[in-house]
Ligand SMILES: [Zn+2]
Ligand SMILES: [Zn+2]
């Protein structure tokens, strides 16, 4: 088993206080996988701590994003989705059921970006969204 850093380690590295609420919210994100929305995370956290507020969940997600413990997938159909996979990858996005799957970087040919276009722009991450319909949504439409 690889030595996964614990929640405690991740917080210590980033100078964040370890609180029970914060840990429950983080575990809720990690248990949901597949790019949960803020609302999905809130529902999950609520099942563990009935007194947790939506504001607390949002505040903590913001802290996780700011500190780099989590990433945002970006805006998909009006809602921000949370990324738990911090390795470089792309996405297959179903416009029907709004599910987002990870697509390994290797499955897409390297992207060629012209230096001229970039100007002084410094690239941090390249993530391509492949929009379409998943198998069941495609079947439902035909
Ligand atoms: Zn679908
Ligand atoms: Zn992803």
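Read the figures in this text as sums done on the coordinates, not as results from a lab. On a predicted model such as this, the values are computed, not experimentally measured, just so you know. Heads up, the Cβs are rebuilt from the backbone with ideal geometry, glycines too, and the neighbour counts pull from every protein chain shown.
If packing is taken as the average count of other Cβ atoms within 10 Å, what order do 5-14, 34-43 fall into, highest mean first?
34-43, 5-14
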| task | Over the stretch 27-105, calculate the relative contact order: mean separation of alpha carbon pairs under 8 Å at least 6 apart, over the residue count, as a percent. | result | 29 percent
| Using the per-residue mean of other Cβ atoms lying within 10 Å as a proxy for protection, in what order, highest first, do the peptides 44-53, 111-120 fall? | 44-53, 111-120
| Length gained when the stretch residue 112-residue 131 is fully extended (0.36 nm per residue, less Cα-Cα span) | 4.8 nm
| note | Computed from every Cα-Cα pair in the stretch 33-91, P(r) in 10 Å bins starting at 0 and rounded to whole percents is 22, 54, 22, 2
| task | Quick one: compute the contact order of the stretch 2-142, relative version, from alpha carbon pairs under 8 angstrom and 6+ residues apart, as a percent. | result | 19 percent
| Length gain on complete extension for the stretch residue 79 to residue 18, per 0.36 nm per residue less the alpha carbon to alpha carbon distance? | 19.2 nm
| field | Spatial extent of the stretch 101-142: Rg and Dmax, with the Cα atoms as the point set, Å | value | 15.6, 46
| DSSP beta bridges in the chain, what fraction antiparallel, as a percent rounded to 5? | 75 percent
| query | Please state the equivalent ellipsoid semi-axes for the chain: what are the square roots of 5 times the Cα gyration tensor eigenvalues, largest first, in whole Å? | reply | 29, 22, 14
